[in-house]
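Beneath this line is the structure, given in structure tokens, with notes to follow.
The values are calculated or read from the model by the stated rules, or taken from the named source; none is laboratory data. Keep in mind it's a predicted model, so treat the numbers as computed, not measured. Backbone-built Cβ (ideal geometry, glycine too); neighbour counts: all protein chains shown. Remember, those area values only see protein heavy atoms, side chains included, never the ligands or the DNA or RNA. Shrake-Rupley method; radii C 1.70, N 1.55, O 1.52, S 1.80 Å.
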Amino acid sequence: MAKSRINNNIRALRFHHGEMTQQELADKVGVTRQTIIAMEKEKYSPSLELAFRIARVFNVSLEEVFSYEPNEQEK
Amino acid sequence: MSYQEKRNILYLISSLLVFTFYWLYVLQLNREGDLESTNWGIVILVLVPVHVVVNVILEVLFVIINTVTEGEQEPSVVDEFDQSIQLRATRNAYLVFIIGFLIAMGTVALEMPMYVMFNLLVFSFFLTEVVWSTSHLYFYRRGL
């Protein structure tokens with residue numbers, strides 16, 4: 001399956017927020033740990049609502065958590 | 001391996017177990033030459049609750065063993081990732097069942113014996129479950 005073109009800094013942000021565990025983040029945003037793992041491995045792009053909830057937990061803007069990698073045609 | 005993956009492997013084992021016994025029963029009937037005279041409606045009406053009971057027993061055992069050995073609890077939420085996977089797995093399973101159903105109806109149209117139609121339906125139930133579980137496993141492993 002093609003890797004998502006939406007990249008994220010969730011792992012780094014967790015580390016900089018008191019080494020928050022995947023389970024703690026999952027509980028704060030209302031998903032399972034499996035979903036956090038899939039997002040960190042960039043195997044799943046979250047919905048806009050979940051993306052905002054994650055950014056809110058880290059108290060940063062959406063762009064600081066997620067970034068979009070355009071393909072050659074879009075550049 | 002995640003809880004969801006383990007649970008889907010369990011469903012796969014459950015289906016394999018129930019349908020292996022079912023096919024052994026059909027082979028037994030075939031040896032005795034009773035395929036034509038068997039009431040297949042009753043056989044299927046028994047097969048469904050037996051399958052449900054086996055599923056429940058295996059799931060209870062799985063929860064107990066998993067809690068004791070791994071200390072892992074069942075996830076309390078079904079989130080958007082789970083729902084997306086469920087949707088795709090159901091789509092794949094539905095496609096397999098429809099193909100099986102049409103082939104089974106084709107045997108009726110070709111005036112083949114009724115037991116052929118019933119057993120093709122049971123086989124498509126089995127394939128549907130296998131595809132449903134393996135689709136879950138595939139998407140949990142590979143992502144969406």
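Annotations for the structure displayed:
- Spatial offset of the stretch B:77-132 relative to the stretch A:45-66 amounts to 39 Å, using the alpha carbon center of each.
- Selection from B:SER2, B:LEU29, B:ASN39 lying farthest towards where the dipole of chain B points positive, charges on Cβ: B:SER2
- The relative contact order of the stretch B:1-81 comes to 44 percent, based on Cα pairs under 8 Å that sit 6 or more residues apart.
- Shielding by partners - mean other protein chain Cβ count within 10 Å, residues of A:46-59: 1
- Exercise: per-residue mean of other protein chain Cβ atoms within 10 Å, A:22-28: 1
- For chain B, calculated [θ]222 nm from helices alone, where every DSSP H run of n ≥ 4 adds -39500 (n - 2.57): -30000 deg cm²/dmol
- Rounded to the nearest 500, the helix-only mean residue ellipticity at 222 nm of chain A stands at -13000 deg cm²/dmol, with each DSSP H run of n ≥ 4 adding -39,500 (n - 2.57).
- Over chain A, relative contact order from alpha-carbon pairs under 8 Å, at least 6 apart, %: 42
- Charge dipole (debye, nearest 20) of chain B; +1 at Cβ of Lys and Arg, -1 at Cβ of Asp and Glu: 300
- Note: relative contact order over the stretch B:58-144, using C-alpha pairs below 8 Å and six or more positions apart, is 32 percent.
- Sparse-neighbourhood loop sites, trypsin sites (Lys or Arg not before Pro) in the stretch B:1-76 - DSSP loop, at most 11 other Cβ within 10 angstrom: none
- A versus B: buried accessible surface, summed, Å² (probe 1.4 Å, to nearest 100): 1200
- Farthest positive-ward along the protein assembly as shown dipole, Cα basis, beta-carbon charges - from B:VAL108, B:PRO49, B:PHE123: B:PHE123
- Cα shape, the stretch B:49-134, gyration tensor, a/c 1.5 rule: oblate
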